[in-house]
Amino acid sequence: MHVQNFLVGCAVTVITACATTPNETAVVKPNMAIGTYTGTGSHGVYLVHFDEATGKLQILDSLSAENPSFLAYSSQWKTLYALQENGGDKAGRVGAWQYQDSSGKYALVADKLTGGDHPCYVSLIEEQQLVTLANYTGGSVSVLRLSDKGVPLDSSMVHQRQGSGPNTARQEKAHVHTSFYHQPSGRLWIADLGTDEIVGYRVAAGAVNFTDSIGIKTAPGAGPRHLAFHPTLPLLYAVYELKGEVAVWDYSSAVPSLLQTIKTDTISANPGSADIHLSADGRFVYVSNRIDANSISVLGIDGKGLLTVAGHYSTYGSTPRNFMVRQNHVLVANQNSDNIVIFERNNQTGALGKVLDSISIAKPVCIIDL
């Protein structure tokens, strides 16, 4: 096992507070993890506690890693997976830390090559014991098998994609930006920003079948980046980075149909929309817009799954790379202003309200639940 690029961090800090009886203590444990870029002082992956009652975020500890820009977590295996978004001389890798009940610490259990440069997305398929990775500059999708304890193994498959798009600066070749497993459809969905394509590959029998696929060709130069799915309807919502748009696709047939395209970034001359999430009740879509907008767009979803713009909200920072939508809160990672901002969320209207907290972390780019 290679560990030169992923080092185990310190023990998880345990903080005690007064409880109802003198003999009891309340233990604050991490319930979220934050991935970062590490070139300007970040330690790697930050383990934090988010208080739902107050909207406050508390840093408890960190794990040393190089450019862990995207994370995934398995509650089944109590394992945190973190990419190392490097390429060239420093190949892309994925590390796995498992929580140790005996010590209360996360311990590094694997450090594997992803098979492509600059991996930028990691997704778990727990029931098939697989972890999948999108290699951005490599233009490929990697699939690594997991042991029965969730540890990544050496055996892997790399699916190399080909093609290009009309934007010669950004689409000179394939650039896979998402590898997202959607259990209801039984497919691993990828968004290829470089070729203007979204593809769903069949997952079965412990493998991804790259010959059994559903394909979507987006508008030329759209640059599909991240995906989200309606909780009950066969609808896929794709954020188009290069157009600053969201598209709604019906994937119920062998040839998906485009239902709607709606603008989210109306400010940036050259948009850079990034992340997309639905509220748990399926009533709202949230999209982050970077470049000049630096905003979260809120879109209402009607009974047919179509969208209307409900509002745009400043992120009080620069470059909102990633964010998280909860019942009463939205947490935004502003990459270039080195801060995470926690907003109050109105779960009836979808609107973002007052800022409840803002903490400093160098280059935050991913927030997940533990």
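The values are calculated or read from the model by the stated rules, or taken from the named source; none is laboratory data. All values derive from a computational prediction rather than experimental measurement. Don't worry about glycine lacking a Cβ; one is built from the backbone with ideal geometry, like all the others, and counts go over all protein chains shown.
Some notes on this structure:
- Residue within the range 102-114 that is in contact (Cβ under 8 Å) with a residue 12 or more places away in the chain, touching a His at 6+ places or on another chain (Cβ under 7 Å) and not in a loop (DSSP other than H, G, I, E, B) present: yes
- Listed by first and then second residue, the pairs linking a residue in the range 50-61 that is over 12 Å from Lys29 (Cα atoms) to a residue that is surrounded by 18 or more Cβ atoms within 10 Å (Cβ to Cβ) and at pLDDT below 95, with Cβ atoms under 6 Å apart and 6 or more places separating them unless they lie on different chains, form an empty list.
- Residues of the range 158-202 that are part of a loop (DSSP other than H, G, I, E, B) and in contact with a helix residue (DSSP H, G or I) (Cβ under 9 Å, 6 or more places away or on another chain): none at all.
- Filter result for the condition that a residue is modelled with pLDDT of 95 or more, in contact with a His (Cβ under 9 Å, 6 or more places away or on another chain) and farther than 18 Å from Gln84 by Cα, over Gly215, Gly223: Gly223
- Residues considered: Ala274, Ala247. Of these, the only one that is touching a Lys or Arg at 6+ places or on another chain (Cβ under 6 Å), among the hydrophobic types (A, V, I, L, M, F, W, C) and assigned to a strand (DSSP E or B) is Ala274.
- Qualifying position, being within 18 Å of the chain's Cα centre (by Cα) and touching a residue at least 60 places away in the same chain (Cβ under 8 Å), among Pro320, Pro364: Pro364
- Sole residue being in contact (Cβ under 8 Å) with a residue 24 or more places away in the chain and either acidic (Asp, Glu) or in contact with a helix residue (DSSP H, G or I) (Cβ under 9 Å, 6 or more places away or on another chain) (or both), chosen from Asp302, Asp338: Asp338
- Residue in the range 2-11 that is assigned to a strand (DSSP E or B), crowded, with 20+ Cβ neighbours inside 10 Å and at pLDDT 95 or above present: no
- Odd one out for Gly95 among (1) surrounded by 23 or more Cβ atoms within 10 Å (Cβ to Cβ); (2) assigned to a loop (DSSP other than H, G, I, E, B): (2)
- Remark: pairs (first residue in the range 205-231, touching a residue at least 24 places away in the same chain (Cβ under 8 Å); second residue of a type in the set (A, V, I, L, M) and outside any strand (DSSP E or B); Cβ separation under 8 Å; 6+ apart in sequence or on different chains) = Ile214/Ala254; Gly221/Leu242; Ala222/Leu242; Gly223/Leu193; Gly223/Leu242; Pro224/Leu193; Arg225/Leu193; Pro231/Ala280.
- Long-range neighbours under 9 Å by Cβ, at least six apart or interchain, first residue within 22 Å of Arg170 (Cα to Cα) within the range 121-150, second among the basic types (Lys, Arg): Thr137/Lys173; Gly139/Arg161; Gly139/Lys173; Ser140/Arg161; Val141/Arg161
Per-residue answers, yes or no, for (1) of a type in the set (Ser, Thr, Tyr); (2) farther than 22 Å from Pro364 by Cα; (3) at pLDDT below 95:
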residue: Ala274; (1), (2), (3): no, no, no
residue: Tyr286; (1), (2), (3): yes, no, no
residue: Gly305; (1), (2), (3): no, yes, no
residue: Gly317; (1), (2), (3): no, no, no
residue: Met324; (1), (2), (3): no, no, no
